[in-house]
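Reading through the structure tokens given below for one structure.
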Amino acid sequence: MRYKIEKNTVQETLIIPLYARKMCSELYPNLYRDEAARRLVNAVDYDFSALEKKSRNLMQRFGFLEVAMRQNDLAYEVRDYLKTHPTAAVVNLGCGLDCTGRACDNGHCKIYNLDFPDVIAVRNQLLPAGERETNIPCDLNDTAWLDKIDASGGAVFFASGVFYYFLKEQVRILVRAMADAFQGGVLVFDAANEKAVKLMLKTWLKDAEIKDVGAYFAVSDAKSEIGAWDSSLRVSSRGYMLGYNDLKDPSVSGFFRFLAQVGDGMMNMQIIKIGFGGKQ
């Protein structure tokens, strides 16, 4: 029996990134594989026809490539941290139906998936927590969730496409609370400058009737802007389209490589890594 997802519900917002991950796997198989996304798309009862139609569009296909690169970059950072902290907590902030935690599982770490209660309800149906895995329903801005993470072996947190919807002040408060609670931990996430965030959130902001886009989280110079929040934070960043991969793959056209340069350059599309005090 397939899990039914209705149009115009919160649950529907999980479908678009899931479908993007499935398409990445099909269009760029040398660069990205997400078998879980392909399986889940088949496990839900949902009318994909509008998404399928859109997926023929050139810019939409570049969007799929962006999703693939972002997931790869974050997974790279998680695996890198696990090399020196094999029993760490691996924490997916705003997880949706993403399986990056499982993809990085080394057999010893603890995996946590955090999202709003109605999202976790869907996740529990489609992706019930496995061994050493916990699904936590919460609002990320209510820091009560910090106490539920066992970081005795270290902690690596990642957020994919999440902080664009947060106010700058919310991200600052959250990062400082995490830095206090998880000395020696690391947070990695994607960000972009204000121009890019405006473009990204255009429809959402209009639907939500939000006027002040400048209050939303955007970053041009990660080191100076985020470093100013707290002197104990160690901040670095890399372009997220080309910072980890040169995209010299036959599945990626020269035009897409050019767009990737524009994204990393003019839009400051980047993966930001924050080390919380102590040793990483």
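The values are calculated or read from the model by the stated rules, or taken from the named source; none is laboratory data. Remember, it's a predicted structure, so these values are computed and weren't measured experimentally. When we count neighbours, we look across all protein chains shown, and the Cβ atoms used for this are built from the backbone with ideal geometry, even at glycine. The protein model used for the area step is the full one, side chains on, heavy atoms only, and it has no ligands, DNA or RNA in it. Shrake-Rupley method; radii C 1.70, N 1.55, O 1.52, S 1.80 Å.
Selection over the stretch 30-54 of residues that are without any contact (Cβ under 8 Å) to a residue 40 or more places away in the chain, open to solvent by less than 60 Å² (accessible area, probe 1.4 Å) and under 21 Å from the mean Cα position of the chain (by Cα) gives a count of 2. The helices (runs of 4 or more DSSP H) falling completely within the stretch 192-280 that include 2 or more residues that are at pLDDT 95 or above map to 222-227, 254-265.
Scanning the stretch 1-29 for residues that are without any contact (Cβ under 8 Å) to a residue 40 or more places away in the chain and among the charged types (D, E, K, R), we see that the one that is nearest to C99 (Cα to Cα) is K22.
Pairs needed: first member in the stretch 226-254, free of Cβ contacts under 8 Å to residues at least 24 places away in the same chain; second member anywhere, open to solvent by 40 Å² or more (accessible area, probe 1.4 Å) and part of a helix (DSSP H, G or I); C-beta distance under 9 Å; at least 6 residues apart or different chains. Listed pairs, sorted by first residue: L242/R257; L242/Q261; D246/R257; K248/R257. In this structure, Q71 qualifies as crowded, with 20+ Cβ neighbours inside 10 Å, of a type in the set (S, T, N, Q) and closer than 28 Å to S237 by Cβ.
With respect to being under 20 Å from Y81 (Cα atoms), assigned to a helix (DSSP H, G or I), modelled with pLDDT of 95 or more and open to solvent by 20 Å² or more (accessible area, probe 1.4 Å), D180 fits the description.
Annotation: of all residues in the stretch 80-109 being under 18 Å from the mean Cα position of the chain (by Cα), more than 21 Å from T13 (Cβ to Cβ) and not hydrophobic (A, V, I, L, M, F, W, C), the one that is most open to solvent (accessible area, probe 1.4 Å) is R102.
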